[in-house]
Amino acid sequence: MAGRETLPGRVWKFGDDVDTDAIIPGRFLILNRPEELAKHAFEGVRPEFKDQVKPGDIIVAGENFGCGSSREHAPLALKGAGVRCVIAKSFARIFFRNSINIGVTLLECPDTDRIAEGDVLEIDEAQGIITNQTKNEIYRAKPLPEFLMDIVRSGGLIDFARKMVERMSREKTREKGREAE
């Protein structure tokens, strides 16, 4: 399956150990819709984020992004805010899996220190190539395996499963039609 277009996105830069409470404070866990959660994303640490983030923007961070609790609300808030991708040196395992299941692209890249707030990046997710248009530099990220990219491209695990069931149902219907001929 082909990757998404490599449209440019503006960087929001974060450091190491950004926890899920920083992404979405615990008092907002009563909300479940991505667009509602997005109104409170990074409220305690970057209050300007919720008003200034634009669809297609990119979060770049250091080590252990998404540590803390295992809440799905954190990647939901990012998805609702229109964050296209999160690039970090490493991710907390449960955040990584929750993000894939929600449909948020994550890329591990050792060169995040070379990327600055406001830089404009172009990302080839399938190849793991990040082009910093601001600095005219290229970085290599570890691309997600194809089966995980299929989940992300589908919008998350639930939509991926729904599409698989629909495809299998269509195939079964076609098979029954051929048998009836």
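The values are calculated or read from the model by the stated rules, or taken from the named source; none is laboratory data. All values derive from a computational prediction rather than experimental measurement. Cβ placement follows ideal geometry from the backbone for every residue including glycine, while neighbour counts extend to all protein chains displayed.
When residue 108 is tested against the conditions (1) within 13 Å of the chain's Cα centre (by Cα); (2) within 24 Å of residue 25 (Cα to Cα); (3) at pLDDT 95 or above, the lone failure is (2).
When 82, 9 are screened for being buried (at least 16 other Cβ atoms within 10 Å of the Cβ), small (Gly, Ala, Ser), in contact with a Gly (Cβ under 7 Å, 6 or more places away or on another chain) and touching a residue at least 40 places away in the same chain (Cβ under 8 Å), only 9 passes.
Looking across region 124-169, the residues that are touching a strand residue (DSSP E or B) at 6+ places or on another chain (Cβ under 8 Å) and either at pLDDT 95 or above or among the polar types (S, T, N, Q) (or both) come down to 129, 130, 131, 132, 133, 134, 137, 138, 139, 140, 141. Within region 35-52, the only residue that satisfies the criterion of being under 21 Å from residue 96 (Cβ atoms) and either at pLDDT below 95 or β-branched (Val, Ile, Thr) (or both) is 45. Can you find a residue that is within 27 Å of residue 126 (Cα to Cα), surrounded by fewer than 20 Cβ atoms within 10 Å (Cβ to Cβ) and either touching a helix residue (DSSP H, G or I) at 6+ places or on another chain (Cβ under 7 Å) or in contact (Cβ under 8 Å) with a residue 60 or more places away in the chain (or both) anywhere in region 46-66? Taking every residue of region 46-66 in turn, at least one turns out to be within 27 Å of residue 126 (Cα to Cα), surrounded by fewer than 20 Cβ atoms within 10 Å (Cβ to Cβ) and either touching a helix residue (DSSP H, G or I) at 6+ places or on another chain (Cβ under 7 Å) or in contact (Cβ under 8 Å) with a residue 60 or more places away in the chain (or both). Counting only residues that are in contact with a Phe, Trp or Tyr (Cβ under 9 Å, 6 or more places away or on another chain) and small (Gly, Ala, Ser), which one in region 49-76 is nearest to residue 33 (Cα to Cα)? The residue in question is 74.
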